[in-house]
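Trainee: Quick one: the structure is below, and I'll ask about it shortly.
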Amino acid sequence: MSPPRRRDREALVRPYLITGGRAHPTVGSLGITTLVRAAPETESLGLGPEHRRVVRLCSGGALSVAEIAARLELPASVTRVIVADLLDENRLQVLSSGREQAPDRELLQEVLDGLRALR
Amino acid sequence: MGSEPSDEVYLAPTVRTAVKVLVLGPFAVGKSTFVGTLSEIPPLYTEETITRTGAVADDPHGISGKTTTTVALDFGRRTLNDRLVLYMFGTPGQRRFLSLWEDLAYGSLGALVLADIARIEESFEIIGVLEERGLPYAVAINDFRNAEMPPDEELREAFDLLPEVPLVTCDARERDSAARAMISLVEHVLSVCPQQSQESA
Ligand SMILES: Nc1nc2c(ncn2[C@@H]2O[C@H](COP(=O)(O)OP(=O)(O)OP(=O)(O)O)[C@@H](O)[C@H]2O)c(=O)[nH]1
Ligand SMILES: [Mg+2]
């Protein structure tokens, strides 16, 4: 398996241009493994290019914030801001329940069962 | 469907819960290999920028004021059942990257620390930081060279591990072996997890 590709420096998107350096309350509720998808029948009209790419990617199904960042070659921090923008506009929906939190016993047991089934 | 990405890009539509695990270790110890072995998708790569004081060590020229550094994260995922997915993040665990992996560690299940038997001391700092942060962990010695292993007891002493912390060997290239290391971490986390989640009234 070939290792993940290091992003081409030329392709670096300047975070400031996309996020405008805005403070953003929704960002605080997003973790790197928060799962989102596009809201039904969302259009990407009237959006900037990076926001449009996120909507387009997410209209195919559910992904984590980290995967959106990786697939679109955006820094994770920038992706968080874009996803937060789109959540505020109801163009994206959060699928996982709220803030990332350490699993409880029940969930740990589920993880364990899932891993054991891999072997 | 046109030119949409292939289905395997996306999670099953029933998935509602994500858990994450950190895979930490020194340079070239096998973090990416480990993540790739257990991942159901080809490993992905992203970067996180650190803007806090933790980056100072990366600024040898002292061009301070703007202490930003970029840390590579590679990660993969494995769907564990129809509603649950596990994300695994491989990242260097050195103290200078602390602010990054503190963010990552938030809400995570725990960490798997990889070590190379020929240079186990390079994993010590990571273990120290995990203990400070109270994040549960297991140590997996990635057995590169089929090296002869010192007795378990000697290793545990070298790592200065508490008796309950798992110490396993693994081959990061083999699914069964990698899964076993991950299982030992989760079993450990389960064993230290409080029986009841403080239910009052
Ligand atoms: N023989 C053997 N080789 C391994 C094993 N795990 C990894 N390797 C090899 O060791 C090299 C480094 O592995 P990586 O997975 O890239 O290590 P890493 O920790 O991600 O490295 P950095 O991200 O550069 O710090 C690669 O050439 C792997 O193929 C193992 O268990 N056994
Ligand atoms: Mg790597």
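The values are calculated or read from the model by the stated rules, or taken from the named source; none is laboratory data. From a predicted model like this one, the values you see are computed outputs, not experimental measurements. Ideal geometry is used to build each Cβ from the backbone, glycine not excepted, and the neighbour counts take in all protein chains shown.
Trainee: Quick one: which of A:LEU57, A:LEU72 is closer than 23 Å to B:PRO43 by Cα and at the interface with chain B (Cβ under 8 Å from one of its Cβ atoms)?
Mentor: Sole residue among the options that is closer than 23 Å to B:PRO43 by Cα and at the interface with chain B (Cβ under 8 Å from one of its Cβ atoms): A:LEU57.
Trainee: Tell me the residue from B:GLY90, B:GLY110 that is within 13 Å of ligand 2 (Cβ to nearest atom) and modelled with pLDDT of 75 or more, please.
Mentor: Details: B:GLY110 fails: within 13 Å of ligand 2 (Cβ to nearest atom).
Sole residue among the options that is within 13 Å of ligand 2 (Cβ to nearest atom) and modelled with pLDDT of 75 or more: B:GLY90.
Trainee: Let me ask another. Output the number of the condition that B:ALA181 fails; it satisfies all remaining conditions of (1) assigned to a loop (DSSP other than H, G, I, E, B); (2) within 12 Å of chain A (Cβ to nearest Cβ); (3) at negative phi; (4) touching a residue at least 40 places away in the same chain (Cβ under 8 Å).
Mentor: Exception for B:ALA181: condition (1).
Trainee: Follow-up question, since we're still on this one. Just checking, which of A:LEU115, A:LEU72, A:LEU87, A:LEU57 is more than 15 Å from the chain's Cα centre (by Cα) and among the aliphatic types (A, V, I, L, M)? Steps first, please.
Mentor: Working: A:LEU72 fails: more than 15 Å from the chain's Cα centre (by Cα); A:LEU87 fails: more than 15 Å from the chain's Cα centre (by Cα); A:LEU57 fails: more than 15 Å from the chain's Cα centre (by Cα).
Criteria check complete, one pass: A:LEU115.
Trainee: Then there is this: Restricting attention to region B:6-43, report how many residues are exposed (fewer than 15 other Cβ atoms within 10 Å of the Cβ), more than 9 Å from chain A (Cβ to nearest Cβ) and within 16 Å of ligand 2 (Cβ to nearest atom).
Mentor: Counting residues in region B:6-43 that are exposed (fewer than 15 other Cβ atoms within 10 Å of the Cβ), more than 9 Å from chain A (Cβ to nearest Cβ) and within 16 Å of ligand 2 (Cβ to nearest atom) gives 2.
Trainee: Pick from A:GLY21, A:GLY48: which is at pLDDT below 90, away from every other protein chain (no Cβ under 11 Å) and surrounded by fewer than 20 Cβ atoms within 10 Å (Cβ to Cβ)?
Mentor: Answer to the check: A:GLY21.
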